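See below for the structure under consideration.
The values are calculated or read from the model by the stated rules, or taken from the named source; none is laboratory data. Please read these numbers as outputs of a predicted model, since none were measured by experiment. All Cβ positions, even for glycine, are placed from backbone atoms using ideal geometry, and neighbour counts span all protein chains on display.
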Amino acid sequence: MREEMTARERLRALLRGEAVDRPPSMPITMMRAADVIGVTYHQYATRAEVQVAAQMATAERFGIDQVSVISDPCCEAADLGAAVLFPDDGPPAIIEERALLEDKAGLAGLRVPDVRRPGSRMANRIEAVRMLRQQAGETRLVEGWVEGPCAESADLRGINTLMTDFYDDPAFIHELAGFVVGVALEFARAQIAAGADIIGVGDAAASLINRGLYDEFVWPHEKRLVEGIRAAGGMVRLHVCGRTGHLVDAFARLGCEVIDLDSMVDLGAARAAAGAAQVLLGNVDPVRVVCRGTAEEVRQALAECRAAAGPAWISGAGCEVPRGTPDENLRAFRDAL
């Protein structure tokens, strides 16, 4: 092992189970990154060149080991025709009362879109990956992003309606999840071809269901997505925020390189459930500690995470680093250990 590794070397070595010079840091920065270069979040989420500038500046300033194209969960849904609200300085959001699949029959008419169509949101994200790869070179890991089967199904159907579908129409749940995984795989392959090392899979809605529903309706589709990404040459980071302690052992059987854990998950119990080799990421409280605490409190929380998780661990917050987080708190992810 070299005395000092590049960020990309550090992460790739850790994910291979090799020794590293220090624990890598991969906190999610979105609104905080936009603020670093003084742009609105609308600009950040919709213009590849703006997002790339913000990610590169944030990684350089705070010593973050990866750059990422995560911006919001509406990218695929927007290109499928969903109604999306675009605030001037906030994240795009699904308009729940106008869900694209309010009528389930609409699924039969949906097709996997051209993910590279000029002017589309997916093409914009693919371009951001290409630019990040070009600018980061071999120095940092480049992370693409797609929505997972439960999250994207909720975006298209409406999350409240989807929760009743689990009981009222199980066959539709599988049909919808199968379709959205097909979209995610096309999108992920395009990002890998553009230079992404790892694909983040955001599946937050999965945290809202019990283990029985997860095993029957979500895990098989997540497994297909993970296997497809890895077959295309990408690694996988699974991000399911919320209370997921009851799902960790199932996550560990998906074959993801990295599993994110939110702050309400007991990291020691998660390590026991996932096994010693599974790389875990997190899980400092993003609001109470990262945003509102002191740098020393962030460092102490990270030390506790490292002690609970062991060496197969990447430093990060339980979810996105909030807007308004002090510089010294964000820098602690690099310097704490």
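The table that follows gives values for the structure above.
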item: Hey, V50 at pLDDT 95 or above, surrounded by fewer than 24 Cβ atoms within 10 Å (Cβ to Cβ) and touching a helix residue (DSSP H, G or I) at 6+ places or on another chain (Cβ under 7 Å) or not; result: yes
item: Exclusive hit being under 22 Å from L101 (Cβ atoms) and at pLDDT 95 or above, set V226, V265, V183, V248; result: V183
item: Answer residue from region 113-172, given it is part of a helix (DSSP H, G or I) and among the hydroxyl-bearing types (S, T, Y) and is nearest to the chain's Cα centre (by Cα) among those; result: S153
item: Within region 1-44, tally of residues that are within 16 Å of M235 (Cβ to Cβ), more than 20 Å from the chain's Cα centre (by Cα) and of a type in the set (G, A, S); result: 2
item: Residue among A177, A205, A194 that alone is touching a His at 6+ places or on another chain (Cβ under 8 Å), surrounded by 21 or more Cβ atoms within 10 Å (Cβ to Cβ) and at pLDDT 95 or above; result: A177
item: Verdict on E138 being surrounded by fewer than 21 Cβ atoms within 10 Å (Cβ to Cβ), at pLDDT below 95 and among the acidic types (D, E); result: yes
item: Complete set of residues in region 1-28 that are more than 21 Å from C256 (Cα to Cα) and touching a residue at least 60 places away in the same chain (Cβ under 8 Å); result: T6, R22
item: Subset of region 182-197 (residues that are on the phi < 0 side of the Ramachandran plot and outside any helix (DSSP H, G or I)); result: A196, D197
item: Cross-chain or 6+ apart pairs with Cβ under 6 Å, region 257-274 first and free of Cβ contacts under 8 Å to residues at least 40 places away in the same chain, then buried (at least 18 other Cβ atoms within 10 Å of the Cβ) and not in a loop (DSSP other than H, G, I, E, B); result: I259/L238; I259/F251; I259/L280; A270/V248; R271/A309; A273/V248; A274/V248; A274/A252
item: Given (1) within 26 Å of C150 (Cα to Cα); (2) crowded, with 16+ Cβ neighbours inside 10 Å, index of the condition E227 fails; result: (2)
item: Residues of region 98-137 that turn out to be touching a residue at least 60 places away in the same chain (Cβ under 8 Å) and among the charged types (D, E, K, R), as a count; result: 7
item: Number of the exception - G38 against (1) more than 25 Å from V240 (Cβ to Cβ); (2) not in a loop (DSSP other than H, G, I, E, B); result: (2)
